[in-house]
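Shown next, in structure tokens, is the structure this report addresses.
The values are calculated or read from the model by the stated rules, or taken from the named source; none is laboratory data. No experiment lies behind these values; they were computed from the predicted model shown. Note: ideal-geometry Cβ built from the backbone for every residue, glycine included; neighbour counts use all protein chains shown. Protein only, heavy atoms only, side chains kept; ligands, DNA and RNA dropped before computing areas. Shrake-Rupley method; radii C 1.70, N 1.55, O 1.52, S 1.80 Å.
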Amino acid sequence: MFRPSHFAAVVLFALFASVVFGITMRETPRRMVRYGLYCFVLFVGSAIVLSWLMFLIAR
Amino acid sequence: MATTQDKKTEAGSGFVYLPLIVGWLVPGAGHFLLRKWGRGALLAASILGMFSIGIAMQGKLYAGAHDILDFLGLAGDLGNGLLYVVSRAAGWGADQVTVTTGDYGTRFLVVAGLLNVIAAVDAHNLRTGRKA
């Protein structure tokens with residue numbers, strides 16, 4: 001059984017979803033890569049920000 | 001020299017829903033059918049990777065719709081096409097989620113199905129000429 005950490009699961013999810021979003025939402029390869037990277041950063045970044053918010057609220 | 005009208009006529013001939021259906025049944029196959037090898041390979045790797053990790057994490061494959069959430073989960077899982085059928089036949093995935101990673105795995109399986117639907121629609125748009 002595969003048991004990644006929470007963060008590893010977030011990164012894997014963001015990676016796969018970003019690749020599909022990049023390819024399907026833009027037309028040229030350059031714009032696909034840029035949009036994929038943008039989505040990846042937003043996925044991981046928002047997870048980190050929300051995690052810190054929940055940590056601070058729970059204290 | 002091919003005009004815009006020629007391209008539209010070419011794109012509109014034949015069974016335009018074939019890439020959509022093939023892409024839904026097998027991740028990336030809709031793009032392969034249109035000779036978009038790189039895009040198809042990346043889409044297939046992403047969707048198969050997400051689905052495989054979901055199964056490896058003991059995610060739940062929805063079998064029936066007892067309430068609205070189950071129905072939504074089943075709709076997402078069905079987006080995986082033949083992967084869902086093969087996995088159900090082989091008894092992969094968990095019947096009940098008992099560990100935290102299993103809950104994540106369930107989401108991975110559902111989202112893999114939804115991403116596959118997006119990829120199949122993209123193949124359809126390429127086929128109809130709506131997208132380059």
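Nearest 100 Å² is fine: what is the total accessible surface buried where chains B and A meet, probe 1.4 Å?
Counting protein atoms only, the buried area is about 1900 Å².
List the residues of region B:99-132 whose accessible area drops by at least 50 Å² when all protein chains are present, compared with their chain alone, using a 1.4 Å probe and counting only protein heavy atoms.
In region B:99-132, residues shielded by partner chains: B:Thr101, B:Tyr104, B:Phe108, B:Leu115, B:Ile118, B:Lys131.
Evaluate the Kirkwood expression for the hydrodynamic radius of chain A, namely the inverse of the mean inverse distance over all pairs of different C-alpha atoms, and round to one decimal in Å.
After inverting the mean inverse Cα-Cα distance, the result is 12.5 Å.
State, as an integer percentage, the relative contact order of chain B based on alpha-carbon contacts under 8 Å between residues 6 or more apart.
About 36 percent, as a whole number.
Hey, can you find the accessible area per residue of region B:5-132 for me, probe 1.4 Å, expressed in square angstrom?
51
Starting from the amide H of B:Ala94, placed 1.01 Å from N in the peptide plane, find each other amide H under 5 Å away whose residue is 5 or more places distant or on another chain.
So B:Ala94 has HN proximity to B:Gly59, B:Lys60, B:Leu61.
Report Rg/Rh for chain B, rounded to two decimals, where Rg is the Cα radius of gyration and Rh the Kirkwood radius.
Rg/Rh for chain B comes to 1.09.
Please give the net charge around B:Gly73, taking every other residue with its beta carbon less than 15 angstrom from that of B:Gly73, where Lys and Arg add +1 and Asp and Glu add -1.
Taking every Cβ under 15 Å from that of B:Gly73, the sum is -2.
Pop out a list of residues from region A:1-45 that are at least 50 Å² less accessible with all the protein chains around than in their chain alone; 1.4 Å probe, no ligands or nucleic acids counted.
In region A:1-45, residues shielded by partner chains: A:Met1, A:Phe2, A:Phe13, A:Phe16, A:Val20, A:Ile23, A:Thr24, A:Glu27.
If you stretched the chain out fully between B:Asp67 and B:Val99, how much longer would it get, using 0.36 nm times the residue separation minus the C-alpha to C-alpha distance?
Extending this stretch completely gives an extra 9.3 nm.
Apply the Debye scattering formula to the protein assembly as shown, with a single equal point scatterer on each alpha-carbon and no solvent, then give log10 I(q)/I(0) at q = 0.15 Å⁻¹.
-0.92
Sort all Cα-Cα distances of region B:64-132 into consecutive 5 angstrom bins from zero, then give the percent of pairs in each bin up to the one containing the longest distance.
Result returned by the calculation: 4, 15, 20, 24, 16, 8, 6, 5, 2, 0.
With Cβ to Cβ distances under 15 Å as the rule, what net charge do the other residues near B:Leu61 carry (K, R +1; D, E -1)?
Net of charged neighbours comes to -1.
On a C-alpha basis, how far is the centre of region B:46-74 from the centre of region A:24-42 in Å? Whole number, if you could?
Computed from Cα coordinates, the inter-centre distance equals 26 Å.
When the accessible area of the protein assembly as shown is split by element with a 1.4 Å probe, what percent falls to carbon and sulfur?
Reported share for carbon and sulfur atoms: 68 percent.
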